[in-house]
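Below is one structure, written out as structure tokens; comments come after it.
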Amino acid sequence: MKSTLLLFILGLILTAAHPASEIELIKKRVLSERVEILIPKGFEVMTEQQMDFAYAKAQSRPSVIFTNNNLISLAFNYSDNDADQDMVDVYAGSFSKTYHKQYKDATWFGDGVKNINNRKVGYLEFMKPEMGHEVYTLVFFTDVEGKLMICTFNCADRQKPEWEPIAKQIMLSLKAKG
């Protein structure tokens with residue numbers, strides 16, 4: 001009886017540490033088939049109306065946004081800015097300076113350039129205050145067919161423990177056309 005109870009308690013502890021509700025990722029092609037990436041199953045493309053509302057005050061908005069009821073988002077912006085593999089380091093340095101200035105109160109976890117699937121990919125990872133709470137953000141970017149593609153993952157701070165490893169897995173799955 002004691003060993004059964006002990007196993008039950010151990011099971012509860014392990015379940016709390018590693019939720020049974022594993023987040024399944026599925027392969028998607030986005031930005032007119034230019035990018036292949038893993039996206040959480042159940043995430044849907046945000047409608048034009050949702051994007052208009054979410055980005056009403058923004059100067060520009062992403063090309064496409066995947067979301068799960070607007071709680072967590074994965075946004076892709078295929079910009080008009082020229083880019084190639086040699087420019088990724090330059091963009092990484094520029095973005096780091098800009099974001100550090102813009103988000104002075106942010107907690108930074110890292111920034112730089114990684115080699116992902118034989119491509120340079122710049123990234124910024126931080127927690128920023130937004131409308132009374134904290135938002136975990138992972139921005140990653142690379143060149144896609146001569147233009148800069150920026151992807152931004154956002155979730156509330158309370159969701160970070162579950163979603164941070166997923167965000168990084170999404171970034172590491174990136175395959176883009178050069």
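The values are calculated or read from the model by the stated rules, or taken from the named source; none is laboratory data. In this text, all values refer to a predicted model and were calculated from it rather than measured experimentally. Note: ideal-geometry Cβ built from the backbone for every residue, glycine included; neighbour counts use all protein chains shown. Accessible surface is based on the protein model in full, side chains and every heavy atom, while ligands, DNA and RNA are left aside. Shrake-Rupley method; radii C 1.70, N 1.55, O 1.52, S 1.80 Å.
For Cα pairs less than 8 Å apart in space and 6+ apart in sequence, what is the mean separation divided by the residue count of the chain, i.e. the relative contact order in percent? Walk me through the numbers on the way to the answer.
Numbers: 296 pairs, mean separation 37.8, N = 178.
Averaging sequence separation for qualifying contacts and normalising by length gives 21 percent for the chain.
Could you work out the local net charge near Arg34, counting Lys and Arg as +1, Asp and Glu as -1, over the other residues with Cβ closer than 14 Å to its Cβ? Display every interim value, and only then the final one.
Working: positive: Lys28, Arg29, Arg119, Lys147, Lys175, Lys177; negative: Glu33, Glu36, Asp143, Glu145.
That works out to +2.
Please give the per residue accessible area of the chain, computed with a probe of 1.4 Å over protein heavy atoms only, in Å².
Working: 10680 Å² over 178 residues.
That works out to 60 Å² per residue.
How much of the accessible area of the chain, probe 1.4 Å, is carbon plus sulfur, in whole percent?
After summing per-atom areas, the C and S share lands at 54 percent.
Please give me the summed charge of the neighbours of Met131: other residues whose Cβ is under 14 Å from its Cβ, Lys and Arg +1, Asp and Glu -1.
Result for the neighbourhood of Met131: -2.
Quick check: pseudo-label points 7 Å beyond the Cα along Cα→Cβ at Ser63 and Ala156, how many nm apart are they?
My value for the distance between the label points is 3.1 nm.
With n ≥ 4 as the cut-off for DSSP H runs, can you work out [θ] at 222 nm for the chain, using -39500 (n - 2.57) per run divided by the number of residues, rounded to the nearest 500? Each step should come with its number before you reach the end.
On the way: 4 runs with 51 residues, N = 178.
Computed ellipticity for the chain at 222 nm equals -9000 deg cm²/dmol.
Could you calculate the contour length gain from Asp84 to Phe109, that is, 0.36 nm times the residue separation minus the distance between their Cα atoms, to one decimal place in nm? Mind dumping the intermediate values first?
On the way: separation 25, 0.36 × 25 = 9.00 nm, distance 2.59 nm.
Here the answer is 6.4 nm.
Distance from the Cα centre of segment 49-107 to that of segment 117-178, in angstrom?
9
For the chain, take the convex hull of the Cα atoms, compute a quarter of its surface area, and give me that in nm², please. Kindly include the intermediate steps, with their values, before the conclusion.
Numbers: hull surface 50.2 nm².
Here the figure is 12.5 nm², rounded to one decimal.
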